[in-house]
Amino acid sequence: MAPGRPANERPIILYLHGFEEHDGSPKPASLRDHYDLRMPHLSVYLTHRHSPIRYMATSPWLLGILCVSIIFSAALRRLGAYGVLGGLGALGVGLIIKKDKIIAHGIKTSLDNSMQTARLALERSKPDAVVAFSWGACLAVMLMQKGLWRGPTLLLAPAYELLCKKAQVPVVMKVGQAEGRASVMVVHSTTDQIVPLEHSERLAQANDFKLKKVKGEKHALYGLASNAVIPVYYIAMNFLLCMHYFFPLTTAVRVGSPVRPTSSTVGNHLFVAQWYRRQVVQV
């Protein structure tokens with residue numbers, strides 16, 4: 001563990017959650033059983049404070065369309081009901097034409113606010129590793145691109161490329177120089193119905209990330225948090241931590257004091273890493 005922490009303290013994991021996740025969701029709940037979990041609330045679900053839907057509703061494009069439709073309806077007020085229908089028609093046409101702009105504004109603004117929350121959580125928690133899912137995995141990639149995080153990272157069904165396209169911002173697959181960066185693993189289902197597997201393949205290929213493809217899972221990857229078996233992402237997380245612990249010359253964690261394992265955790269991490277190499281590393 002990092003110098004200054006109690007010897008019996010578990011590794012700190014920063015978990016950046018997905019769109020609908022909360023404290024009791026299977027993945028963070030399972031991680032909490034094994035690690036000291038820090039999970040900032042990104043507040044992006046539906047009516048939450050930084051929800052994309054809320055920002056879409058206050059988009060300048062949508063407000064502009066509403067104003068035009070009201071003016072159009074007022075100009076035709078002498079026609080009675082036909083004037084109202086004309087205003088509604090103008091609203092519908094405007095929404096069809098500017099739909100992508102409205103969606104882009106909502107997602108980009110929400111991502112910007114989520115990024116601020118994630119950055120603050122990273123500074124405060126000083127994690128040993130980052131685990132991120134979907135929306136949160138997009139934030140993790142951005143943190144790496146900005147050079148704010150270079151430690152062990154586990155990306156679960158990352159929605160980086162998908163969200164960048166929806167937000168109409170450039171999709172930059174490269175996250176920076178591999179030298180000095182700790183191991184990064186991407187886990188993605190071959191039957192993901194929301195984020196295409198090809199997105200993770202391109203991200204992994206561009207950055208030489210390890211890619212683990214799992215079968216029979218939906219986007220949420222709830223099966224990985226099953227208590228019946230050792231979760232795949234738990235195994236992968238131990239592998240990433242172990243790689244940093246035992247190969248410090250080729251990997252690095254956050255800026256500052258390097259992470260070191262306690263005597264009570266080294267054996268377990270090494271065992272799990274060896275098991276991982278035998279059972280999971282084949283993709």
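Once neighbouring chains are kept in place and the probe is 1.4 Å, which whole percent of the accessible area of region 174-223 is contributed by carbon and sulfur? Could the numbers behind the result be given before it?
Numbers: 1220 of 2520 Å².
Carbon and sulfur together cover 48 percent of it.
Starting from the coordinates of the alpha-carbon atoms of region 10-50, obtain the Kirkwood hydrodynamic radius over all distinct pairs and give the value in Å to one decimal.
Details: mean 1/r = 0.0933 Å⁻¹.
After inverting the pairwise mean of 1/r, the radius is 10.7 Å.
Could you give the nm distance between label points at K213 and I70, where each point is 7 Å from its Cα heading toward the beta carbon?
Calculated label separation equals 5.3 nm.
May I ask you to compute the full-extension gain from A29 to E123, defined as 0.36 nm times their residue separation minus their alpha-carbon distance, rounded to one decimal in nm?
Working it through step by step, the gained length comes to 31.6 nm.
What does the charge count near S110 come to, summing +1 for each Lys or Arg and -1 for each Asp or Glu among other residues with Cβ under 13 Å from its Cβ? Write down the numbers at each step before the final one.
Working: positive: R49, R54, K108, K166; negative: D112.
Counting the neighbours of S110, the net charge comes to +3.
Taking the mean number of other Cβ atoms within 10 Å as a proxy for protection, how do you rank 118-130, 212-224 from highest to lowest? Walk me through the numbers on the way to the answer.
Numbers: 118-130: 20.2, 212-224: 17.1.
Highest mean packing first, the order is 118-130, 212-224.
Quickly work out the V171-to-T191 label distance, labels modelled 7 Å from Cα along the C-beta direction, and quote it in nm with one decimal.
For the pair T191/V171, the computed spacing is 2.5 nm.
Under a 5 Å amide H to amide H cut-off, with H placed in plane at 1.01 Å, what residues pair with L156 once short-range neighbours are removed?
Answer set, sorted by chain and number: A132, F133, S134, V187.
Give me a comma-separated list of calculated 3J(HN,Hα) values for region 48-64, in order, Karplus coefficients 6.51, -1.76, 1.60 applied at θ = phi - 60°, integers in Hz, x for any Gly or Pro.
Per residue, the Karplus-derived 3J(HN,Hα) values read 5, 3, 10, 5, x, 5, 5, 6, 5, 5, 10, 5, x, 5, 5, 4, x Hz.
Where the only charges are on Cβ atoms (+1 Lys, Arg; -1 Asp, Glu), what is the dipole of region 86-139 about its Cα centre, to the nearest 20 debye?
Values: 7 positive and 4 negative charges, 28 e Å.
Charge dipole, region 86-139, about its Cα centre: 140 debye, nearest 20.
Using amide H atoms built 1.01 Å from N in the peptide plane, name the residues 5+ places from L37, or on other chains, whose amide H lies under 5 Å from its own.
I13
Would you compute, for the Cα atoms of region 88-211, the largest minus smallest coordinate along each principal axis and list the three values in descending order, in whole Å?
Its Cα atoms span 56, 34, 22 Å along the three principal axes.
The values are calculated or read from the model by the stated rules, or taken from the named source; none is laboratory data. Quantities reported herein were computed from a predicted structural model and do not represent experimental measurements. Please note: Cβ atoms are built from the backbone with ideal geometry, for glycine as well, and neighbour counts cover all protein chains shown. Quick note on the areas: whole protein, heavy atoms, side chains included, nothing else; ligands and nucleic acids left out. Shrake-Rupley method; radii C 1.70, N 1.55, O 1.52, S 1.80 Å.
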